[in-house]
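Data first, discussion second: the structure below is written as structure tokens.
The values are calculated or read from the model by the stated rules, or taken from the named source; none is laboratory data. Note that the structure is a prediction, hence the values are computed from the model and not measured. When we count neighbours, we look across all protein chains shown, and the Cβ atoms used for this are built from the backbone with ideal geometry, even at glycine.
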Amino acid sequence: MKNSLNKILKSGCGLGTLALCFLYSLFVSLFLLVTLLTPYFNVYGYDEGTPGKWWKDKKIIKTLELNNDQVNRIEGIFSSQKGKMKELVSDLRKKERELADTERNPNSSNDDVLRLSKEVEEIKGNMRRVKMDIHLQIRGILTPQQRGKLREIKAKRGKQFH
């Protein structure tokens, strides 16, 4: 590794090149991470028939003692936010591809890369806000006892259940 570093430094490449290599590696890693985590969004009930629709699970309905009105209201919350979340996921994928392409382009500027990185983070922030809004709306529908039971169920089932 020391020899490789020496070769880079002797070839006229300075710390700027190393920083760009680091940034490139960081952004490629981020892109791959998000690409691998995209199925995560489907687990949260944003697509029909996914296991994330816990309020449709008969065992959970019975355990939480959900009534029909609660189930319908929770379904309404997800239905009303589904389109927005799908649009954000699509926007995120496009923007991350644009970021990766810009990062790979040797003629792109650092400012372009940083601008796109900020745009990616802004979309992620919007996604977090939508998810928090959904969470808070559902929280308002459930009783404190139901919220506690739901937390226990989620803890037992792990990450794929939220």
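Filter segment 42-78 down to residues that are at pLDDT below 50 and touching a Gly at 6+ places or on another chain (Cβ under 9 Å), then give me how many there are.
Result for segment 42-78: 5.
Provide a single number: the residues in segment 94-126 that are touching a Ser or Thr at 6+ places or on another chain (Cβ under 7 Å) and part of a helix (DSSP H, G or I).
Number satisfying all stated conditions: 5.
Kindly list, by first and then second residue, each pair from a residue in segment 106-127 that is under 28 Å from residue 85 (Cα atoms) and touching a residue at least 24 places away in the same chain (Cβ under 8 Å) to a residue that is acidic (Asp, Glu) and in a helix (DSSP H, G or I), limited to pairs with Cβ atoms under 7 Å and residues at least 6 apart or on different chains.
The qualifying pairs are 113/103; 120/96; 123/91.
Output yes when any residue across segment 108-116 is hydrophobic (A, V, I, L, M, F, W, C), over 27 Å from residue 157 (Cα atoms) and loosely packed, with under 15 Cβ neighbours inside 10 Å, and no when none is.
Yes, some residue in segment 108-116 is hydrophobic (A, V, I, L, M, F, W, C), over 27 Å from residue 157 (Cα atoms) and loosely packed, with under 15 Cβ neighbours inside 10 Å.
When you go through 97, 147, 129 one by one, which is the residue that is more than 23 Å from the chain's Cα centre (by Cα) and either charged (D, E, K, R) or farther than 30 Å from residue 64 by Cβ (or both)?
The unique qualifying residue is 147.
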